[in-house]
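Read-outs throughout are calculated quantities, based only on the coordinates presented, and are distinct from any laboratory measurement. On a predicted model such as this, the values are computed, not experimentally measured, just so you know. Heads up, the Cβs are rebuilt from the backbone with ideal geometry, glycines too, and the neighbour counts pull from every protein chain shown.
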Amino acid sequence: MPATGGCGDACGCGAGDDEEYGVDPLECGLDPDLAALLTAAGLDPVQVEDIAHLAVEEDLDHGVDVTTVATIPEDAVATADFTAREAGTVAGLRVAEAVLSVVCTDDFEVERHVEDGERVQAGQRLLSIRTRTRDLLTGERSALNLLCRLSGIATATRAWADALEGTGAAVRDTRKTTPGLRSLEKYAVRCGGGVNHRMSLSDAALIKDNHVVAAGGVAAAFKAVRTEFPDVPVEVEVDRLDQIEPVLEQGADLILLDNFTPERTREAVALVAGRARLESSGRLTLDNARGYAEAGVDYLAVGALTHSSPILDIGLDLREDG
């Protein structure tokens, strides 16, 4: 499937002066079909394009790819395959396309073999690209950095989702994300079968221990948030059973049980009796995840999904037949 490469007339990278070039930096310069696919996945194509530009510009550092320019003829064209080196769950294929889109000086052809969220095996082709060889090799590392990172998060999340299957509980992420990549990393969590917690500090409240200390108590902190922001969902972190009832009386939407044991979690579930949703945090491992889920909580909060997941090994291989 063809996609337009290079930095389009409406490039969203923000480079240049708007008055000089007549470009709205909030418009997307990606191929419209690719932009539509990103939008359908819940991603902002302008933001993805900006990340792609940042990654490529960081790699080039205002210069050129000296190895590729020296060794590859300018008019050479090749086909390359993104190939899984190990089994896992893939995420970020359209993001990789976006990276190549901002590198490629000519149109390129895309053959999509799998979709984000699919389980793949070692040796399986994920995505094939045909375009100028120089452009492929210049954009290779930037595209793979994002694709491997996102697929690693999706693969780790899938392991947790599999462990919780049939329990009624879901694994979800935190805000422990790489600066600038939050939307992509949380997208990868969704690809792996997890759900997202709040995307930012502004779309939901989470009252934690420092808020409680500053406000003078759990109930006082909750009441203050409800008064100031009455329409915002409020989650309250507790680390003792006796803190739960006062929060319930205030009308908490969700209670985070911090570092509770599975046994204490069951006590909390019985105490809440369906009056609020419950989330477990701390002490969680793949080995004990199902025990917490079967205790009756709705969510397991796992910051490691985004801050500690290893990459999924994916490579880009030029076909010998070019």
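Any idea what the relative contact order of segment 79-217 is, in percent, if you count C-alpha pairs under 8 Å spaced at least 6 apart? So the answer I get is 26 percent. Mean residue ellipticity, 222 nm, helices only, the chain: the sum of -39500 (n - 2.57) across DSSP H runs of n ≥ 4, divided by residue count and rounded to 500, is -12500 deg cm²/dmol. Scoring 283-296, 188-201 by mean Cβ neighbours within 10 Å over their residues and listing the highest first yields 188-201, 283-296. For segment 161-307, the relative contact order comes to 29 percent (Cα pairs under 8 Å, sequence separation of at least 6).
Taking Cα atoms, how many degrees apart are the long axis of helix 262-272 and the longest axis of the chain, rounded to 10 and kept between 0 and 90? The answer is roughly 70 degrees.
To the nearest ten degrees, helix 182-191 and the longest principal axis of the Cα atoms of the chain are 80 degrees apart. Provide the FRET efficiency to the nearest 0.05 for the Glu267-Thr178 pair, computing r from the beta carbons and using R0 = 22 Å. Calculated value: 0.05.
Note on the chain: antiparallel DSSP beta bridges, both residues inside, total approximately 50 percent of the bridges counted.
Segment 150-174 and segment 244-295 have Cα centres lying 18 Å from one another. Computed from Cα atoms alone, the Kirkwood hydrodynamic radius reported for the chain is 21.7 Å. For segment 56-215, place one equal point scatterer on every Cα, skip the solvent, and apply the Debye formula. What is log10 of I(q)/I(0) at q = 0.12, 0.13, 0.17, 0.19 Å⁻¹? Values, matching the q order: -0.63, -0.71, -1.02, -1.16. Helix 133-164 against the longest principal axis of the chain: what's the angle in degrees, Cα atoms only, rounded to the nearest 10? Once rounded, the angle reads 20 degrees. Classify segment 161-307 from the C-alpha gyration tensor, please: rounded if a/c falls under 1.5, else prolate or oblate depending on whether a/b exceeds b/c. Oblate shape, in that a/c is at least 1.5 and b/c is the bigger or equal ratio. Qualifying trypsin sites (Lys or Arg not before Pro) in segment 54-117, where qualification requires a DSSP coil assignment and no more than 14 other C-beta atoms within 10 Å, comprise Arg85.
With neighbour counts taken as other beta-carbon atoms within 10 Å, the residues Asp107, Asp242 rank, fewest first, as Asp242, Asp107. Judged by the mean number of other Cβ atoms found within 10 Å, the most tightly packed of the peptides 220-227, 121-128, 58-65 leads the ranking 220-227, 121-128, 58-65. State the answer as a single residue: which of Ala214, Thr79, Thr138 lies farthest towards the positive end of the charge dipole of the chain, with beta carbon charges of +1 for Lys and Arg and -1 for Asp and Glu, about the Cα centre. So the residue we want is Ala214. Modelled spin-label separation between Arg275 and Val66, with each label point placed 7 Å from Cα along the Cα-to-Cβ direction: 6.9 nm. Taking a straight Cα-Cα cut-off under 19 Å and skipping sequence neighbours fewer than 8 places away in the same chain, the lysines within cross-link reach of Lys176 are Lys186, Lys208.
If a spin label sat at a point 7 angstrom from the Cα of Leu318 along the line to its beta carbon, the backbone N atoms of segment 80-115 nearer than 15 Å would be those of 80-82. I'd like the FRET efficiency for Lys223 and His307, computed as 1/(1 + (r/R0)^6) with the beta carbon distance as r and R0 of 41 Å, rounded to 0.05. The formula returns an efficiency of 0.80 here.
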